[in-house]
Structure formats: C-alpha cells, structure tokens
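In what follows, a single structure is set out as structure tokens and then discussed.
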Amino acid sequence: KSYAEAEDILQDIFTQLWSGRKNLGQIASFDDYLFITTRNAIRKSLLKKEKQQKLLDRAVAELQPQTFELEGVKDIEKMVNAALLQLPEQQRAIYKMSRQEGLTHEQIGSRLGLSPKTIANNLTLTLNQIRVFLGRQGYLLGAAWLFFNFL
C-alpha cells in the first residue's frame with residue numbers, strides 16, 4: 001500500500017533483470033518469469049518488513065520502564081519517610097521543598113536564607129543518607145533511587 005515501497009521493489013526487479021539479461025533468452029515464458037520474480041520480491045519485502053517490525057516491537061518493549069507493584073512503592077515510601085525522620089529538620093525541609101513542592105535551589109535558598117550552592121550540597125547529602133538507609137533495609141538501591149528522585 002506504499003507507492004515508495006512499490007517503486008523500490010520495481011527498481012530491484014529491473015536491476016535483477018538487467019543483471020541477468022544474458023540469460024533472458026533461455027526463459028520459456030517471460031510473462032511467467034516476471035510474475036514469479038515480482039511475487040517473490042514482494043513476499044521478500046513483506047517478510048523483511050514484518051521482521052523489522054518484530055525487532056522494533058521487542059526493542060520498544062525492553063525500553064518500557066519497569067513498574068513496581070503498588071505495595072512495593074508504598075513500602076519504599078514508608079522507608080524514605082523513616083529515613084527523613086532521622087535527618088536534621090533543615091535537611092528534611094530542603095528535601096520536602098525540592099521533591100514534594102518542586103522548588104528550585106534558588107527558591108528554597110531564598111525561603112531559608114541560604115545560598116543555592118548550600119541547598120544543592122545539603123540535598124546531595126540528604127539523598128545519600130536516604131540511599132544508605134534504604135540499602136540497610138534491603139531495598140534495591142536502583143529502585144529506591146528512582147522512587148525518591150522522581151516522585
């Protein structure tokens with residue numbers, strides 16, 4: 001159903017005919033030969049396209065983000081909250097403003113009277129402490145990292 005693909009197949013057939021032009025005299029029925037050659041070229045093109053689509057579908061499926069079961073996410077959320085309770089109030093406040101309120105380092109700094117660099121350093125320290133806490137609890141660090149960096 002594609003004009004461009006039909007042109008490509010036709011071009012391939014003519015190229016094949018030209019390449020084998022010395023043997024064309026041995027063909028009993030040129031119409032039959034042309035029909036079979038065209039049918040085979042179309043079939044080959046469709047099979048190739050189907051194979052490419054399967055490979056593309058498989059690649060897309062492998063790239064889909066892995067989902068956590070709802071209970072697993074709730075458990076990680078509970079553990080993150082438990083880790084936050086062990087942190088000093090200022091670190092907890094910076095984490096909540098950054099991750100829950102979505103504020104920038106500059107906005108957090110202006111609210112707390114601190115420089116954006118101090119906020120960034122403090123947030124890095126907080127995230128590392130949460131990672132260590134979750135690791136001690138037996139959670140996969142990759143899954144936990146995804147959770148509290150993107151939620």
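The values are calculated or read from the model by the stated rules, or taken from the named source; none is laboratory data. Predicted model only: the values in this text are computed from it and were never measured. All Cβ positions, even for glycine, are placed from backbone atoms using ideal geometry, and neighbour counts span all protein chains on display. We work out accessible area using only protein heavy atoms, side chains counted, and drop any ligands, DNA or RNA first. Shrake-Rupley method; radii C 1.70, N 1.55, O 1.52, S 1.80 Å.
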Verdict on LYS44 being at pLDDT below 90, surrounded by 11 or more Cβ atoms within 10 Å (Cβ to Cβ) and part of a helix (DSSP H, G or I): no
query: Restricting attention to segment 47-64, does a residue exist that is hydrophobic (A, V, I, L, M, F, W, C), at pLDDT 90 or above and either open to solvent by less than 80 Å² (accessible area, probe 1.4 Å) or within 30 Å of GLY135 (Cα to Cα) (or both)?
result: no
- prompt: If a residue has to be among the polar types (S, T, N, Q), under 18 Å from PRO88 (Cβ atoms) and within 31 Å of the chain's Cα centre (by Cα) to count, how many in segment 98-122 make the cut?
  reply: 4
- request: Report, ordered by the first and then the second residue, all pairs with beta carbons closer than 8 Å, sequence separation of six or more or different chains, a first member in segment 1-30 that is open to solvent by less than 90 Å² (accessible area, probe 1.4 Å), and a second member that is modelled with pLDDT under 90 and part of a loop (DSSP other than H, G, I, E, B).
  value: none
